[in-house]
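Student: Please read through the structure below; I'll follow up with questions.
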């Protein structure tokens, strides 16, 4: 009974906190983003940062673990996994950096064009989400209806005085983008994040991201 209580108390900080964790297994880095409702696990090779897989979704806390129902799973065609139970163990190391502006989950909501804003329907199943937490970011393009995976990339980021800078550490579509540092300007307007700069191909972009609630 005492051991069960002790294990539960150790689990409580993991359950309550929003953090980024990592562990290394067979030469692959497992990075785990976890806030109060959502978890993303992404794996990339330690040697060359080659992307391996990513999966994520909303979770339900249980006594000593978390059950995640995936919205996306890049390996779905191979493993057919739609859910998984996660349990933090001693291999998980906290890598969280100091809090930055823009933390949270954001959905691509549209673009700013010369003729004005072009908005997306955020209720549709096809989504692009950017998850920013404790100095780390990941964008993922997916379809919740079909589990189709369209792409992902991530790394670290910093914000200061209206500037947002991404450093790419993995990129599913093109590993040559790893190591790029991309500076942007950002502006917040209520739950909208206006994101302006040059993309990884060097083309100008002016995106609108909307803070995600549940849908």
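Student: Testing residue 128 on (1) free of Cβ contacts under 8 Å to residues at least 40 places away in the same chain; (2) surrounded by fewer than 18 Cβ atoms within 10 Å (Cβ to Cβ); (3) on the phi < 0 side of the Ramachandran plot, one condition comes back false. Which one is that?
Tutor: Residue 128 satisfies every listed condition except (2).
Student: Specify which of the listed residues (91, 77) is free of Cβ contacts under 8 Å to residues at least 12 places away in the same chain and either loosely packed, with under 13 Cβ neighbours inside 10 Å or in the same structural domain as residue 145 (by TED's automatic domain parsing) (or both). It would help to see each step written out before you state the result.
Tutor: Working: 91 fails: free of Cβ contacts under 8 Å to residues at least 12 places away in the same chain.
From the options 91, 77, the qualifying one is 77.
Student: Could you check, for region 55-62, whether at least one of its residues is closer than 21 Å to residue 27 by Cα, outside the structural domain of residue 180 (by TED's automatic domain parsing), at pLDDT 95 or above and not in a strand (DSSP E or B)? If you could, list the steps in order and put the result at the bottom.
Tutor: Here is the first cut: in region 55-62, the ones closer than 21 Å to residue 27 by Cα are 55.
Okay, now just the ones that are also outside the structural domain of residue 180 (by TED's automatic domain parsing), so 55.
After this cut, where a residue has to be at pLDDT 95 or above as well, the list is 55.
Next, only the ones that are not in a strand (DSSP E or B) stay: none.
No, region 55-62 contains no residue that is closer than 21 Å to residue 27 by Cα, outside the structural domain of residue 180 (by TED's automatic domain parsing), at pLDDT 95 or above and not in a strand (DSSP E or B).
Student: Which residues, taken from region 70-107, are in a strand (DSSP E or B) and within 15 Å of the chain's Cα centre (by Cα)? Let's see the steps before the verdict.
Tutor: Going through region 70-107, the residues in a strand (DSSP E or B) turn out to be 70-73, 83-86, 93-94, 104-107.
If the condition is that a residue be in a strand (DSSP E or B) and within 15 Å of the chain's Cα centre (by Cα), then 70, 71, 72, 73, 104, 105, 106, 107 are the ones that fit.
Student: Let me ask something else. Residues 28, 45, 105, 113: which one is under 24 Å from residue 196 (Cβ atoms), surrounded by fewer than 16 Cβ atoms within 10 Å (Cβ to Cβ) and either touching a strand residue (DSSP E or B) at 6+ places or on another chain (Cβ under 7 Å) or assigned by TED's automatic domain parsing to the domain that holds residue 143 (or both)?
Tutor: Only one candidate qualifies: 113.
Student: Does region 128-145 hold any residues that are more than 8 Å from the chain's Cα centre (by Cα) and under 14 Å from residue 55 (Cα atoms), and which are they?
Tutor: Those that are more than 8 Å from the chain's Cα centre (by Cα) and under 14 Å from residue 55 (Cα atoms): 128, 141, 142, 143, 144.
Student: If you go through region 154-192 one residue at a time, how many are part of a strand (DSSP E or B) and under 19 Å from residue 208 (Cβ atoms)? Walk me through how you get there before you give the answer.
Tutor: To start, the set of residues in region 154-192 that are part of a strand (DSSP E or B) comprises 154-160, 163-171, 181-189, 192.
Checking the rest, the ones that are also under 19 Å from residue 208 (Cβ atoms) come to 157, 159, 163-164, 166, 182-189, 192.
Summing the residues that are part of a strand (DSSP E or B) and under 19 Å from residue 208 (Cβ atoms) in region 154-192 gives 14.
Student: Now a separate question. Take the conditions at pLDDT 95 or above, closer than 30 Å to residue 78 by Cβ and outside the structural domain of residue 57 (by TED's automatic domain parsing) and apply them to residue 162. Does it pass? Walk me through it before giving the result.
Tutor: Working: at pLDDT 95 or above: yes; closer than 30 Å to residue 78 by Cβ: no; outside the structural domain of residue 57 (by TED's automatic domain parsing): yes.
Judged against the criteria, residue 162 is not a match.
The values are calculated or read from the model by the stated rules, or taken from the named source; none is laboratory data. The structure displayed is predicted, hence computed values, not measured ones. We place every Cβ from the backbone using ideal geometry, glycine too, and count neighbours over all the protein chains shown.
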